[in-house]
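Structure first, commentary second.
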Amino acid sequence: MKMTLRWFGDEHDSVPLKYIRQIPGVKGVVTSLPDIPAGDVWPAEEIRANNEQVEAAGLSLEGIESVNVHEDIKLGRPDRDRYIENYIRTMAHISNEGIRLICYNFMPVFDWTRSDLAKVLEDNSRVLSYEAGIMETANPMGMLAHMESKAEGFSLPGWEPERLKVLKELFELYEGFTEDDLFRNLKYFLDAIIPACDKYGVKMALHPDDPPWSVFGLKRIVTSEEKIARLLSMCDSPWSGLTFCTGSLGADKQNDLPAMIRRFGDRIHFAHIRNVRYRKDHDFDESAHLSSEGSLDMYEIIKAFHDISFSGIVRPDHGRMIWGESARPGYGLYDRAIGVAYMLGLWEAVEKGKKHEAYIGRNQKGYSAMESRRV
Ligand code: DNO
């Protein structure tokens, strides 16, 4: 696996590339152009400037997270063809820079959602958390204002201002919308862009819905093994794959992550790895990466990635806010760097453990052969 960090660009990130370069094992970043509204074509020069800046820092630009999908595509409105054309033009510009991965999501209206962006844990670290009771009674505008107030002055990734200005209209458009409508519109989008992926050599990595259930009454479809299997088979092209986000999928206890990793195998193009700690029902906190700190068994997760010989791009997902750092919620430097070291440590242990087992196995065979000859 290729370890990266998410970087939002100088203007939008408190973590400079030169610090990312110092995290052992991190060779690259994934980034985006956060100021470009969903649906617009990304200018080639801006992608190039970004790429040059990353390379000048001694890193490589491994992927784009995210090129957001315009709401008209998700809704299947007549304008979608124009936005799909723009998406393909953006893909061409990205590919021209040698970047071969695009992460995207297909969540109606919102990207990821939390009820708190700075919940204080027992050790005084601050984390993102989700409390179903709060979400059920909250209205989306109020929740947005609350989230922005906790965002330390940063914009929230995936919550583009132009989309949020028309929130009420969007909710009306999604009235009566079913999961099947979303599946159909996702298929339409993928069928239209896959030939371009093939032409430009770009892999599409669909991010799961975060959290993996309906929020504010809006349907979500990238939530479980069964639904992911359905969407992968409805567009059965190797270019169409997943961002396997352990934190998003892991928020639902029903999801058996190692089994899903083994099942989806080479359709996983990108991995976001982090832990969650279940509280009750749908309530969870984003914990530190270690298995001992959360509810997910990170050893089993890394082992599953190793079992499928995962060679794709990985990043630690969110981290806690620790050591007095002030950064975009989830995207400080320190805890993500700790996460990187832990994941790479697990990977090395799994790899060497397998070699060791193979060595013992060979020796045991030799020993048994010797024993049988002696008899
Ligand atoms: C949150 C991220 C998401 C992710 C998008 C992918 O921190 O994991 O915003 O980038 O859902 O399109």
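The values are calculated or read from the model by the stated rules, or taken from the named source; none is laboratory data. Note that the coordinates shown come from a computational prediction; the quantities given were computed from them, not determined experimentally. Every residue, glycine as well, gets a Cβ built from its backbone with ideal geometry; the counts of neighbours run over all protein chains shown.
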| Is there a residue being within 16 Å of the ligand (Cβ to nearest atom) and under 24 Å from residue 75 (Cα atoms) anywhere in the stretch 230-238? | yes
| Of all residues in the stretch 67-89, which are over 21 Å from residue 166 (Cα atoms) and surrounded by 23 or more Cβ atoms within 10 Å (Cβ to Cβ)? | 87
| Pairs, please: C-beta under 6 Å, at least 6 apart or cross-chain, first residue among the aliphatic types (A, V, I, L, M) and in the stretch 105-116, second near the ligand (Cβ under 10 Å from one of its atoms)? | 107/209
| remark: Checked the stretch 110-128 for anything touching a Lys or Arg at 6+ places or on another chain (Cβ under 7 Å) and under 24 Å from residue 221 (Cβ atoms); matches are 128
| query | When the stretch 294-328 is examined, which residues are found to be under 15 Å from the mean Cα position of the chain (by Cα), within 14 Å of the ligand (Cβ to nearest atom) and in contact (Cβ under 8 Å) with a residue 60 or more places away in the chain? | reply | 313, 314, 315, 316, 317, 318
| query | Within the stretch 185-207, can one find any residue that is buried (at least 16 other Cβ atoms within 10 Å of the Cβ) and of a type in the set (Asp, Glu)? | reply | no
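Hey, any hits in the stretch 81-95 for a residue that's part of a loop (DSSP other than H, G, I, E, B) and out of contact with any strand residue (DSSP E or B) (no Cβ under 7 Å at 6 or more places or on another chain)?
Quick first cut of the stretch 81-95, residues part of a loop (DSSP other than H, G, I, E, B) only: none.
Looking through the stretch 81-95, none of the residues is part of a loop (DSSP other than H, G, I, E, B) and out of contact with any strand residue (DSSP E or B) (no Cβ under 7 Å at 6 or more places or on another chain).
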| remark: The one condition residue 213 fails out of (1) within 16 Å of the ligand (Cβ to nearest atom); (2) buried (at least 18 other Cβ atoms within 10 Å of the Cβ) is (2)
| message | Can you tell me how many residues within the stretch 183-196 are touching a Lys or Arg at 6+ places or on another chain (Cβ under 7 Å) and closer than 23 Å to residue 312 by Cα? | response | 0
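Quick check: anything in the stretch 279-288 within 16 Å of the ligand (Cβ to nearest atom), modelled with pLDDT of 95 or more, among the aliphatic types (A, V, I, L, M) and surrounded by 18 or more Cβ atoms within 10 Å (Cβ to Cβ)?
Step one: list which residues in the stretch 279-288 are within 16 Å of the ligand (Cβ to nearest atom), which gives 284-287.
Keeping just the survivors that are modelled with pLDDT of 95 or more gives 284-287.
Now narrow it down to the ones that are among the aliphatic types (A, V, I, L, M): none.
There is no residue in the stretch 279-288 that is within 16 Å of the ligand (Cβ to nearest atom), modelled with pLDDT of 95 or more, among the aliphatic types (A, V, I, L, M) and surrounded by 18 or more Cβ atoms within 10 Å (Cβ to Cβ).
Take the conditions touching an Asp or Glu at 6+ places or on another chain (Cβ under 8 Å) and free of Cβ contacts under 8 Å to residues at least 24 places away in the same chain and apply them to residue 291. Does it pass?
Details: touching an Asp or Glu at 6+ places or on another chain (Cβ under 8 Å): yes; free of Cβ contacts under 8 Å to residues at least 24 places away in the same chain: yes.
So residue 291 fits the description; yes.
Filter the stretch 48-72 down to the residues that are away from the ligand (no atom under 16 Å from the Cβ), in contact with a strand residue (DSSP E or B) (Cβ under 8 Å, 6 or more places away or on another chain) and touching a residue at least 12 places away in the same chain (Cβ under 8 Å) and list them by number. Walk me through how you get there before you give the answer.
So the first thing to find is which residues in the stretch 48-72 are away from the ligand (no atom under 16 Å from the Cβ), and the list is 48-60, 72.
Now restrict to residues that are in contact with a strand residue (DSSP E or B) (Cβ under 8 Å, 6 or more places away or on another chain): 50-51, 54-55, 59-60.
Selection gives 50, 51, 54, 59, 60.
How many of the residues in the stretch 96-128 are part of a strand (DSSP E or B), away from the ligand (no atom under 11 Å from the Cβ) and closer than 20 Å to residue 54 by Cβ? Working first, answer last.
Quick first cut of the stretch 96-128, residues part of a strand (DSSP E or B) only: 101-105, 116-120, 126-128.
Then keep just the ones that are away from the ligand (no atom under 11 Å from the Cβ); that gives 101, 116, 118-120, 126-127.
Pick out the ones that are also closer than 20 Å to residue 54 by Cβ and you get 101.
Residues flagged as part of a strand (DSSP E or B), away from the ligand (no atom under 11 Å from the Cβ) and closer than 20 Å to residue 54 by Cβ within the stretch 96-128 amount to 1.
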| task | Within the stretch 252-259, identify whether any single residue is touching a residue at least 24 places away in the same chain (Cβ under 8 Å), more than 16 Å from the ligand (Cβ to nearest atom), outside any loop (DSSP other than H, G, I, E, B) and touching an Asp or Glu at 6+ places or on another chain (Cβ under 6 Å), and answer yes or no. | result | yes
| query | If you take the residues in the stretch 191-228 that are small (Gly, Ala, Ser) and modelled with pLDDT under 95, which one is farthest from the chain's Cα centre (by Cα)? | reply | 217
| task | Residues that are not aliphatic (A, V, I, L, M): find the strands (runs of 3 or more DSSP E) completely inside the stretch 1-66 holding 3 or more of those. | result | 2-6, 60-65
